Amino acid sequence: MSLLSPIPDYEAFARMQNELKSTHEEIVAGVIPILENLMLQHIPKEADILDLGCGSGKLVQQLHLKGYQMTGLDASKELLRYARINAPKSKFILNDIRQFELLPTFDAVLSHLVLLFILTPEELTSVFRNVYAALRDNGLLVFTIPITDWFHEISPPIFDHVNVNDECALIEIFHYKPEERIWEIKVTGFELMENMWKRSDTTWFRKDFFLSDVQLGLEKAGFKEISYYKLKDFGSDDNSMACFVCRKKAI
């Protein structure tokens with residue numbers, strides 16, 4: 001029996017995630033400039049990059065169009081089905097980011113808005129160890145994660161996100177549990193299938209970590225060269241999100 005914490009089950013929500021979240025335009029405008037600044041200018045042209053928690057593959061495709069050799073890894077079979085449609089010339093791996101094992105063949109690993117679904121410091125450290133093993137010497141890890149130290153003064157205890165188009169809708173109601181530093185997210189989705197609306201419901205959990213927890217996990221994994229930035233300094237409206245840049249130094 002697995003002792004790992006639960007992660008979001010996207011299977012019933014894959015279509016909604018693909019159609020309603022992270023459009024190509026949003027990625028080009030909001031994510032690519034950050035990666036250009038913090039990662040892409042520091043790695044070779046046509047570098048091998050692993051997108052950890054790649055979802056439906058839209059970021060993978062945008063980086064492929066820039067000439068990078070892309071691989072995406074995700075635990076959702078359905079999201080990877082969409083990823084192979086969105087980024088047909090890239091590689092994809094079905095696996096849990098806390099458990100994968102890959103040879104050191106990547107110049108960079110990135111993970112955007114994924115590690116917030118890791119619920120314990122131990123599992124976060126496991127992710128970092130897996131990444132460290134998959135990086136070539138001098139390879140970069142770049143990831144975003146919410147930081148408790150920056151969080152409580154700016155976030156309401158309850159809020160919601162609603163995304164809708166003509167054929168599907170995704171409603172997420174967030175409730176913060178300060179004693180656990182965990183968001184409980186009640187999720188309801190609707191999708192039009194054969195002229196009938198299908199409803200799906202689930203609960204997801206996301207966590208914020210103290211800055212020291214993240215740094216300690218990276219150090220335990222072997223990273224020595226660690227920097228971090230506030231994502232708001234790159235134009236984001238999320239004041240709680242950090243972007244870490246870590247290098248695997250050659251031995």
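Among residues of segment 165-191 that are touching a residue at least 40 places away in the same chain (Cβ under 8 Å), those with a Cβ under 9 angstrom from a residue that is of a type in the set (Lys, Arg) and crowded, with 16+ Cβ neighbours inside 10 Å, sequence gap 6+ or separate chain, pair up as Glu167/Arg15; Cys168/Arg15; Leu170/Lys21; Ile182/Arg206; Ile182/Lys207; Gly189/Arg15; Glu191/Arg15.
Summed over segment 197-215, residues that are farther than 25 Å from Pro8 by Cβ and either surrounded by fewer than 16 Cβ atoms within 10 Å (Cβ to Cβ) or of a type in the set (A, V, I, L, M, F, W, C) (or both) total 1.
Consider Gln41 carefully, then state whether it is assigned to a helix (DSSP H, G or I), without any contact (Cβ under 8 Å) to a residue 60 or more places away in the chain and not assigned by TED's automatic domain parsing to the domain that holds Leu170. Yes. Starting from residues that are in contact with a Phe, Trp or Tyr (Cβ under 6 Å, 6 or more places away or on another chain) and of a type in the set (A, V, I, L, M), keep the ones in segment 203-251 and report whichever is farthest from Gly139 (Cα to Cα). Residue satisfying both the conditions and the ranking: Ala242. Only residues that are closer than 27 Å to Gln41 by Cβ, touching a Ser or Thr at 6+ places or on another chain (Cβ under 8 Å) and in a loop (DSSP other than H, G, I, E, B) were counted across segment 80-113, and they come to 4. For segment 130-144, state whether one or more residues are acidic (Asp, Glu), at pLDDT 95 or above and either surrounded by fewer than 19 Cβ atoms within 10 Å (Cβ to Cβ) or touching a His at 6+ places or on another chain (Cβ under 6 Å) (or both). For segment 130-144, residues acidic (Asp, Glu), at pLDDT 95 or above and either surrounded by fewer than 19 Cβ atoms within 10 Å (Cβ to Cβ) or touching a His at 6+ places or on another chain (Cβ under 6 Å) (or both): present.
Residues in segment 164-192 that are in contact with a helix residue (DSSP H, G or I) (Cβ under 9 Å, 6 or more places away or on another chain) and at pLDDT below 95 were compared, and the one that is surrounded by the most Cβ atoms within 10 Å (Cβ to Cβ) is Trp183. Pairs meeting the criteria (first residue in segment 57-78 and at positive phi and buried (at least 19 other Cβ atoms within 10 Å of the Cβ), second residue assigned to a helix (DSSP H, G or I) and basic (Lys, Arg), beta carbons under 9 Å, at least 6 apart or on different chains) are Gly57/Arg84.
Examine segment 95-104 for a residue that is of a type in the set (S, T, N, Q) and either more than 17 Å from the chain's Cα centre (by Cα) or crowded, with 19+ Cβ neighbours inside 10 Å (or both), and state whether such a residue exists. No, that holds for no residue.
Among the residues of this structure, Ile27 counts as one that is under 19 Å from Asn163 (Cα atoms), outside any strand (DSSP E or B) and among the β-branched types (Val, Ile, Thr).
The values are calculated or read from the model by the stated rules, or taken from the named source; none is laboratory data. Worth saying up front: this structure is predicted, and the values here are computed from it rather than measured. Note that we place each Cβ from the backbone using ideal geometry, even for glycine, and neighbour counts take in every protein chain shown.
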